[in-house]
Amino acid sequence: MTHALTPSLAEPTAPNGNAVYDAHYYAHYCGERAYRRDAGWLEFFRGIAEHVVARIAPASVLDAGCAMGMVVEALRDRGVEAFGVDISEYAIANVREDVRPFCRVGSILEPFPRRYDLIVCIEVLEHLAAREAERAVANFVRFTDDVLFSSTPKDFKETTHFNVQPPEWWAELFARHGFYRDVGFDASFITPWAARFRRLRGPVARVIGEYERRLWWLDQDNRAQRELGLEQRNVLAAREAEVQTLRAEAGLLRAWLAAAEGERDAARADLEREREARWAAEYARQVAAARSAVAAHVPSGSRVLVLSGGDDDLVDLPGRCGWHFPRTEEGWHAGSHPASGGDAVLQLESLRSGGAEWLLVPAPSLYWLRSYPEFADYLRRRGREAQHDADLVLFDLRGAAC
């Protein structure tokens with residue numbers, strides 16, 4: 001005596017399929033994206049057809065619950081005599097026009113018009129109540145010896161799923177009709193839970209042998225995976241220890257680096273202070289040299305132009321009047337260089353007209369005599385070098401003629 005697979009609790013009653021499976025259903029209740037004839041769905045069903053043709057090679061196929069007939073068209077495009085049946089008038093109306101004569105509105109609970117080498121049923125029977133699903137399977141096995149089957153074992157949220165069952169429930173149901181899972185056939189190209197059920201043609205012992213062979217293979221694979229997992233765990237543990245060691249070394253290196261950076265910064269500060277001290281000493285020496293030269297050659301009360309970057313100390317010449325050159329009308333350093341040697345000469349002449357009698361060129365400004373050759377030539381022709389050494393050049397402009 002066999003036990004019924006149907007749950008003892010009261011089953012939900014599946015609604016009229018033609019009313020439920022309309023445009024709204026296919027737009028919103030078929031997973032993460034709408035079910036329609038787009039590139040994604042067509043490519044998916046073409047892949048299924050390619051596997052079916054290559055690995056099963058049926059001459060005739062029925063897609064039970066064919067929806068928009070995309071499996072049927074993919075099989076027919078590959079030379080298979082394929083047909084489809086679906087309860088939804090909306091779905092059948094959206095079958096590709098040249099395939100529509102081979103797809104019809106009908107129930108998979110009703111007898112089919114002929115036998116088929118293969119019946120395909122993909123994500124359909126969960127939409128039926130459990131007893132109706134049992135009737136559908138009984139109908140399938142009357143018209144074929146081979147069923148490629150998939151029904152979700154986990155999508156309980158979909159409102160039209162009235163019979164979500166684990167894979168073993170379906171395997172037992174098919175076994176009651178003498179159909180057993182072909183454990184050597186991988187149907188995961190449809191879904192992870194898809195299976196191929198075939199009518200037993202021989203002793204049950206052969207089925208047991210196939211199941212045991214598959215179980216042995218899975219057991220060996222599981223053992224190997226566990227061993228690999230332990231090996232990888234040991235490798236990870238060793239790597240983690242290495243990482244901890246490296247982290248400790250990195251901490252020491254960071255501390256060493258921080259100390260080295262501190263020493264570098266201190267050395268830089270010392271060098272900067274030393275450079276500033278040398279610069280200050282050199283600047284003080286240049287100022288002293290300038291004042292000494294002026295004191296030695298320039299009469300008291302004379303106006304002395306000082307060519308510099310605007311340093312006020314250089315124009316502070318005891319007993320003489322120091323002017324910046326170039327300078328503004330207000331007496332401030334101009335803050336920019338003349339555009340040319342001729343422009344420098346014009347500015348110099350203007351200041352000479354205003355009373356300037358001497359021109360002091362400190363060492364940092366000697367480049368003027370190289371950069372403005374016209375200006376340098378003017379000074380050599382019109383002025384007299386009162387002093388010329390490594391620290392400065394002092395020009396006497398009193399005898400220069402305009």
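The values are calculated or read from the model by the stated rules, or taken from the named source; none is laboratory data. Just so we're clear, the structure is a prediction, and the values are computed from it rather than from any experiment. Glycine also receives a Cβ, built like all others from the backbone with ideal geometry; neighbour counts cover every protein chain displayed.
Of note:
- Matching option when the condition is in a loop (DSSP other than H, G, I, E, B), in contact with a strand residue (DSSP E or B) (Cβ under 9 Å, 6 or more places away or on another chain) and modelled with pLDDT of 90 or more, among 359, 317, 351: 317
- Only one of the numbered conditions (1) closer than 25 Å to residue 341 by Cα; (2) free of Cβ contacts under 8 Å to residues at least 24 places away in the same chain is violated by residue 276, and that is (1).
Listed here are the residues, each with its yes/no results for (1) of a type in the set (Phe, Trp, Tyr); (2) more than 14 Å from residue 392 (Cβ to Cβ); (3) surrounded by 18 or more Cβ atoms within 10 Å (Cβ to Cβ); (4) in contact (Cβ under 8 Å) with a residue 60 or more places away in the chain.
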| residue | (1), (2), (3), (4) |
| --- | --- |
| 316 | no, yes, no, no |
| 322 | no, no, yes, no |
| 333 | no, yes, yes, no |
| 351 | no, yes, yes, no |
| 373 | no, yes, no, no |
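- Residue list for the stretch 293-314, restricted to those being within 25 Å of residue 370 (Cβ to Cβ) and without any contact (Cβ under 8 Å) to a residue 40 or more places away in the chain: 310, 311, 313
- Strands (runs of 3 or more DSSP E) lying entirely in the stretch 83-197 (those with 3 or more residues that are of a type in the set (A, V, I, L, M, F, W, C) and at pLDDT 95 or above): 118-122, 146-150
Rundown of residues vs (1) at pLDDT 80 or above; (2) touching a helix residue (DSSP H, G or I) at 6+ places or on another chain (Cβ under 6 Å), yes/no style:
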{"residue": "23", "(1), (2)": "no, yes"}
{"residue": "27", "(1), (2)": "no, no"}
{"residue": "35", "(1), (2)": "yes, yes"}
{"residue": "65", "(1), (2)": "yes, no"}
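- Residue check, residue 206 crowded, with 16+ Cβ neighbours inside 10 Å, more than 13 Å from residue 137 (Cβ to Cβ) and not hydrophobic (A, V, I, L, M, F, W, C): no
- Residue that is under 19 Å from residue 56 (Cβ atoms) and over 44 Å from the mean Cα position of the chain (by Cα), where the choices are 115, 100, 78: 115
- Scan of the stretch 130-176 for residues that are surrounded by fewer than 18 Cβ atoms within 10 Å (Cβ to Cβ) and among the charged types (D, E, K, R), ordered by number: 131, 135, 142, 145, 154, 155, 157, 158, 168, 172, 176
- Flag if residue 235 is modelled with pLDDT of 90 or more, within 43 Å of the chain's Cα centre (by Cα), assigned to a loop (DSSP other than H, G, I, E, B) and hydrophobic (A, V, I, L, M, F, W, C): no
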